[in-house]
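The values are calculated or read from the model by the stated rules, or taken from the named source; none is laboratory data. The structure displayed is predicted, hence computed values, not measured ones. Because the Cβ atoms are built from the backbone with ideal geometry, glycine has one as well, and the counts that use them run over all protein chains shown. Keep in mind that these areas ignore ligands, DNA and RNA; they rest on the heavy atoms of the full protein, side chains included. Shrake-Rupley method; radii C 1.70, N 1.55, O 1.52, S 1.80 Å.
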Amino acid sequence: MGRTGVPQAIVAALLLLSGCLSPIAMHRAVLEYDRTVSQVEAELLLLNIARARHYRPVHFTAVSSVAATFDFRMHAGVIGRLGVSPDDAPVDLQFGSSVAENPTVTIVPISGEEFTKRILRPFEESHLGFLIRQGFDIGMVLRLMARGITIHENGEPVILFNAPSKPEGYIEFRRRLLHLTALENASRLRTEPIVYEEVYPFALERAPTPAEAIAAIEKGYRWIIPGAGKPAVLSRKVTGRLAITNYDLYRLPNEDRRRLNEEVERYPVDHVLVDIRPAHPGGEYPLRGFILLRSFHAIVGFVARGISEDQEFAVSPDTRSGHVERNPSRTLEIDESDGRPPEAEFAVAFEDKHYAIRKFPITEGMVPSWNQEAFTVLSNLYQMTVTDVSGARAPLITIPKGG
């Protein structure tokens, strides 16, 4: 290679090296930031369970943004030694590159009236329906979300509380949930809104024109003809409240569905209708009542008390229920110990104790992966309480990191 080829070779090598380093460094940084933020959020959730365990106020902090600046630097050198002739002089090439990363992390303490109301307000039926539609075990979700089930006995409302400290009601509550789980496992349980046609007292003596039909559709209405020789009437499809049933709601007459929704509308949106009727699958263990949903704050308190103070215990299904594969005694097993336990999925220290979710449960009857799934449900419920924090005012913390 001649003298003129040496600088060209150096430039080509450096360009090739810098082109490789840039995407590799950014790829690794994005993945590591994602892992770190996810780990922090999980440990903050666990830390607040530990706080509630000691009756301390809960407090959450969110990472609203991460901005990283990458400084790519290249250096090169040529070292030559004298030889017999200039063309024979050996030449050593030295070149390299470095990457400097300067991230800026924005953290936001989540507080204020709006957030406090959101964590103290009971969840709505739409939250429950959303989680069930994602395929989560209905028993798992309700053991976290439900404060209890209200039923009527001898004409009087009775609440079966989801509280081990009230064992009689707790056992019956768990058995009711196990019955719903068995029906779901057998694909005999339906969780869907009550949909019906609302007919308005307005009729046309003639068939509606195409323009009238289109105008009605654009506003969510439609013209229907009830029968031969009857005038067209205006109707609207109504998607009502959520219901958990062992029968197909669409097989009920429209008027029955309308009345059923009207009955549910008398209750707040944190009440979910459960209607397990006789003469349908699972009807030998009937239930007509409402599931009462908790707030996120109450769910954290329930999990925290379950560590030691108010531990859950094993409950077997009713003999009228089908087989239930997963029925652990505890909804979410939080390990409390003097030191960090081995094989911990997540762990935090608080008040000279370590609180952890193990990769493998240790309580008798706990099913592998149940704990991780239940913690995922709890994390999803927390996310449902948090609004967008990207525009909130917050301290900026710049974390320098060498390349």
- Does Asp248 satisfy being among the acidic types (Asp, Glu), at pLDDT 95 or above and exposed (fewer than 12 other Cβ atoms within 10 Å of the Cβ)? yes
- Return the pairs, sorted by first residue and then second, in which the second residue is open to solvent by 10 Å² or more (accessible area, probe 1.4 Å) and among the β-branched types (Val, Ile, Thr), the first residue lies in the range 118-130 and is in contact (Cβ under 8 Å) with a residue 12 or more places away in the chain and assigned to a loop (DSSP other than H, G, I, E, B), the beta carbons are less than 7 Å apart, and the residues are 6+ apart or on different chains. Glu124/Val269
- Residue that is modelled with the lowest pLDDT [pool: residues in the range 220-245 that are open to solvent by 70 Å² or more (accessible area, probe 1.4 Å) and within 27 Å of Leu128 (Cβ to Cβ)]: Arg236
- Of the residues in the range 335-378 that are of a type in the set (Gly, Ala, Ser) and open to solvent by 40 Å² or more (accessible area, probe 1.4 Å), the one that is farthest from Ile307 (Cα to Cα) is Ser369
- Taking the stated definitions as given, is Asp310 out of contact with any helix residue (DSSP H, G or I) (no Cβ under 6 Å at 6 or more places or on another chain), of a type outside the set (S, T, N, Q) and surrounded by fewer than 16 Cβ atoms within 10 Å (Cβ to Cβ)? yes
- Task: Out of the residues in the range 291-307 that are of a type in the set (A, V, I, L, M) and under 16 Å from Ala374 (Cα atoms), state the one that is surrounded by the most Cβ atoms within 10 Å (Cβ to Cβ).
- Result: Ile299
- Message: Among the residues that make up the range 86-106, is at least one of them open to solvent by 40 Å² or more (accessible area, probe 1.4 Å), of a type in the set (Gly, Ala, Ser) and either at pLDDT 75 or above or closer than 18 Å to Thr385 by Cα (or both)?
- Response: no
- Item | Which listed residue is open to solvent by 20 Å² or more (accessible area, probe 1.4 Å), at pLDDT 95 or above and touching an Asp or Glu at 6+ places or on another chain (Cβ under 8 Å), from His271, His280 | His271
- Selection count, the range 133-159, where residues are at pLDDT below 95 and part of a helix (DSSP H, G or I): 1
